[in-house]
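The values are calculated or read from the model by the stated rules, or taken from the named source; none is laboratory data. This structure is a prediction, so every number in the text was calculated from the model and none was measured. Because the Cβ atoms are built from the backbone with ideal geometry, glycine has one as well, and the counts that use them run over all protein chains shown.
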């Protein structure tokens, strides 16, 4: 008796795309360039979108801080984590290195976030503050002097309050 | 059948793939990113795009479009990993164990901003065909789509796993063969 199966499926995708079974295909480079342009054209909407996500992060953080029901904490943390992940994601798509750096740091920190520790509250708030500040300056280069200053401020808060 | 392609000498087609007949489901909770992906796919030539904003909506769209074989069938899924009501893994596991083959074997590209090897293994073990690490770009998406079209892997069905063969290379094994039984090979 056999318990495992190896299933070879018909290559329907290749047939649908008009490909020949024994030939390696490709997607027209012109179409890939057009597709990349469609992404790049949205850069003008990035600033507004980043502002929306930052407000979502801030709102989710307020909900977490004011929550008194322990059974809801995990769900609220998940929402907060998700927004931190979203800002990292869109920031990196539009080469906003500085916001991506802070988003990544916040997301990683929120994985170990302990709401019973006030130091953790301070660290999260420091992240949110520098992210809003970074957004206001419009600086994307994480090596820029102002960016370095914001990073230094965040690191100082982390070093001061981390266990 | 004449499909308007000329053969070249290097084993490659002379004409690019026509993706007009493709219907792709994008599962992504961030609407801005979902719209970016949709624009990207449509410019690439994909004929139709469907968007679902969470795990529950994804299952609903899949059931709605792939219950029976039709022109409406979703051919491919771009699946975000972290969503408010679950993970991409929840969608994948549900699909790969579905009794309907039109749902069970939809090719899936997992797109995630989470770059850990843990995620790659998790998505692979849940039955993903390909993984793309965000940030998204047309180059990355097209490369993974092309891989799905040109190099589909057979599906493995065992007691603990249903999904594309997790081995990408066919390497000879020099050790003792401890398998008690041979796998049944099926061509569909």
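A single entry from A:97, A:138 fulfils the requirement of being at pLDDT 90 or above, under 28 Å from residue A:47 (Cβ atoms) and surrounded by fewer than 21 Cβ atoms within 10 Å (Cβ to Cβ): A:97. Quick check on my filter: what residues within the stretch B:115-140 are facing chain A (nearest Cβ under 7 Å) and surrounded by 18 or more Cβ atoms within 10 Å (Cβ to Cβ)? Residues satisfying the conditions are B:134, B:135, B:136, B:138. Please go through the stretch A:65-104 and pick out each residue that is over 10 Å from the mean Cα position of the chain (by Cα), closer than 27 Å to residue B:132 by Cα and within 14 Å of chain B (Cβ to nearest Cβ). Passing the criteria: A:75, A:77, A:78, A:79, A:80, A:94, A:95, A:96, A:97. Right, residue A:51: touching a helix residue (DSSP H, G or I) at 6+ places or on another chain (Cβ under 6 Å) and more than 8 Å from chain B (Cβ to nearest Cβ) or not? Considered against the rule, which asks whether it is touching a helix residue (DSSP H, G or I) at 6+ places or on another chain (Cβ under 6 Å) and more than 8 Å from chain B (Cβ to nearest Cβ), residue A:51 comes out as no.
Identification of helices (runs of 4 or more DSSP H) wholly contained in the stretch A:10-82 with 3 or more residues that are modelled with pLDDT of 95 or more and surrounded by fewer than 16 Cβ atoms within 10 Å (Cβ to Cβ) yields A:29-40, A:43-66. The residue of the stretch B:141-151 that is farthest from residue A:39 (Cα to Cα), among those that are crowded, with 17+ Cβ neighbours inside 10 Å and in contact with a strand residue (DSSP E or B) (Cβ under 8 Å, 6 or more places away or on another chain), is B:150.
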